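The numbers here are math on the coordinates, done by the rules we state, and not lab data. Owing to the predicted nature of the structure, the values given are computational and were not obtained by experimental measurement. Glycine gets a Cβ as well: all are built from the backbone with ideal geometry, and neighbour counts include every protein chain shown.
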Amino acid sequence: MAWYPGATKMELQPESDAQAAIRPTQLIIHSIVAPWTARRTYEYWRDSTTLESHFGLGYQGDLAQYIGTETRADANAGANRRPDGTGAVSVETASNTSASDPWTVAQVEQLIRLGVWMHTHHGVPLRICRSHDDPGFGYHCLHRAWSTSGTACPGPARIKQFREVVFPGIVARATGKTTTPKEESMALSTDDVKKVWNTDGFLRVPWGTDTNPHWAPSSVLTYAVEIGRENRGRIKEVQAQLGALTEVVVQLASGGGLDAAEIRAAAEAGAQAALDRLGAALTDDTTP
C-alpha cells in the first residue's frame, strides 16, 4: 500500500488490511456535505459507518489519509475496484451542509499537490476522465457509474473550480510550471456594501477610544462632515476679524495716530492671534 507523505496518516482498521488491493488509475474528488476537519472525517469513518474514503481534507488545508492508495475504498461505487484490478482514489473535502460553497484556497492547494503526487507516484495521466473507467482526474458526479444512486457532488461551484483552477493547477505543477491558487474574485452585493459601510472595525481613527479604536466608514464620513461644517464657520469668523482689523489699520493710518512700524506690528499681532485661536480649535476637535 502507498501513503502520501503530504498527508497525516490516520489508518482505518480493519479496512486498511482487509480490503482488496487496487492499481490506482483515477483520482476522484468529493464534498462530504459537512464542515469537518480531516480528523472529524476519520472519526466518522471509524465510529459511525463501514464506508470510507482514502483521504479527508478540511477547510484549513488539513489533509489526512485513512487507507493506502493501493487498497480499495468505498466512496466511488463502480470505480472503487474494477474486474481488472484498477480503481479510483477518493478525497472527501469539507463543505457546507448544502455542498454549495467553493473550496478554500488552502483546499485547492492541497488538491493540486495530491494530484501531482498521484501523477508522479501512480502514473495517473494528466487528463479529465473521458469515461467511467478512463484513467485520469475527475469529480464525483462526472460519471454515473461512480455513484450508486446519482449525485450532484461536489456541487456546481466546485465543479467550476475543478475545471478552471484545480485540474489546470495539477497539470501546470506536474509539467514544471508553478501556480499558486488565488481566491476567486466575487462581486459584492448591495447588502454586502451596506454591511461594510455601517459596521465598526474597518477604519482606525486617531480620535477613537480604547474600546472602539476602529470606526465604520459611515461614522468617519459623518464626523468629517460635521468638523468641516464647524471649521467653515470658524474660518468665516477669522476672516471677519481680519477685515475689522484692516479697517482699524486704515483708520489709524489715515488719522496719523501711529507711525508705520506701530501700524504694522498691530496688524501682525491681530492676525496671528486670530490664526492661533483657529489652530487651537482645530486641535481640540482632533485630539482624542
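Annotations for the structure displayed:
- Spin-label zone in region 54-76 - amide nitrogen under 12 Å from a point set 7 Å from the Cα of Thr8 along the C-beta vector: 56-65
- Mean shadow area of region 65-109, taken as a quarter of the surface of its Cα convex hull (nm²): 4.2 nm²
- Peptides ranked, highest mean first, by Cβ atoms within 10 Å: ranges 107-120, 143-156, 77-90: 107-120, 77-90, 143-156
- The modelled label-to-label distance between Ala20 and His121, using points 7 Å beyond Cα along the C-beta direction, is 2.3 nm.
- With one equal scatterer per alpha carbon and no solvent term, the Debye-computed log10 I(q)/I(0) for region 74-148 at 0.12, 0.14, 0.28 1/Å reads -0.36, -0.49, -1.41.
- Residues whose placed amide H lies under 5 Å from that of Asn96, excluding near-sequence neighbours: Asp101
- Efficiency of FRET between Leu51 and Thr175 - r from beta-carbon atoms, R0 35 angstrom, step 0.05: 0.50
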